Amino acid sequence: SKTHIAVVSSSIDKAVFFVDLNTRAVVAQTDIGINSGDLAIDPQHNIALVLDKNKNNINIIDLNDYTLSDSIALNQKPQAIDVNPETNTAVITNDQDNSVTIVDLFTKRLLTLPLGSSPMDIAINTIDNRAVVLCATAQYRLLLARHTNKLIKPYSLIRHAQSVALTSHHNTAIVASD
């Protein structure tokens, strides 16, 4: 059964591992390269999107057979990724140029938007298609990813944030800090 599978990206092992959460055994491994990074799962299309920071691309892994099925070249060095299966788009924070890139996963078209403040992590609300972009300057921002591509509102945080997750149904962002 392919339920209850964790997907783990390892830049040291140059691979993505698929771990059965019931048995804690590795059930598959996909070799993807020297500098695999953040990943996102698209459950509607049953794919994993894994950033390759060395080649500046997205590796697409078919979760039906755990094979590398495609890749999408990026114009920037990627940092973090999330996906909205409802709009077939991924949003990537770019490591060195204060921007995010919106990727249409069907057409592979890229739209890079300046954002400022060193974006480092992202989480997408799949219901209203807003993205919470966490910035290294200790604030996170909301970005309407597909409809207007405009910054909605910046929010300051008390501590230096490290990562963000989001619950779409409750419209709540959870920010981990040091």
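The values are calculated or read from the model by the stated rules, or taken from the named source; none is laboratory data. The shown structure was predicted, so the numbers you read here are calculated from the model rather than taken from an experiment. Cβ coordinates were reconstructed from backbone atoms using ideal geometry, including for glycine residues, and neighbour counts include every protein chain displayed. In case anyone asks, the SASA skips ligands and DNA or RNA and just uses the protein heavy atoms, side chains included. Shrake-Rupley method; radii C 1.70, N 1.55, O 1.52, S 1.80 Å.
Residues in the stretch 62-93 that are open to solvent by 10 Å² or more (accessible area, probe 1.4 Å), polar (S, T, N, Q) and farther than 21 Å from ALA15 by Cα: ASN75, GLN76, THR87, ASN88. Selection within the stretch 10-26: residues that are touching a residue at least 24 places away in the same chain (Cβ under 8 Å) and part of a strand (DSSP E or B). The member of this set that is surrounded by the fewest Cβ atoms within 10 Å (Cβ to Cβ) is SER10.
Residues in the stretch 6-17 that are within 18 Å of the chain's Cα centre (by Cα) and among the aliphatic types (A, V, I, L, M): ALA6, VAL7, VAL8, ALA15, VAL16. When GLN29, GLN44 are checked against the criterion of being open to solvent by 20 Å² or more (accessible area, probe 1.4 Å) and closer than 17 Å to VAL91 by Cβ, a single residue qualifies: GLN44.
Of the numbered criteria (1) of a type in the set (S, T, N, Q); (2) open to solvent by less than 80 Å² (accessible area, probe 1.4 Å); (3) within 21 Å of ALA136 (Cβ to Cβ), the one GLN96 fails is (2).
Screening THR107, THR126, THR112 for residues that are free of Cβ contacts under 8 Å to residues at least 12 places away in the same chain and surrounded by fewer than 20 Cβ atoms within 10 Å (Cβ to Cβ) leaves exactly one candidate, THR107.
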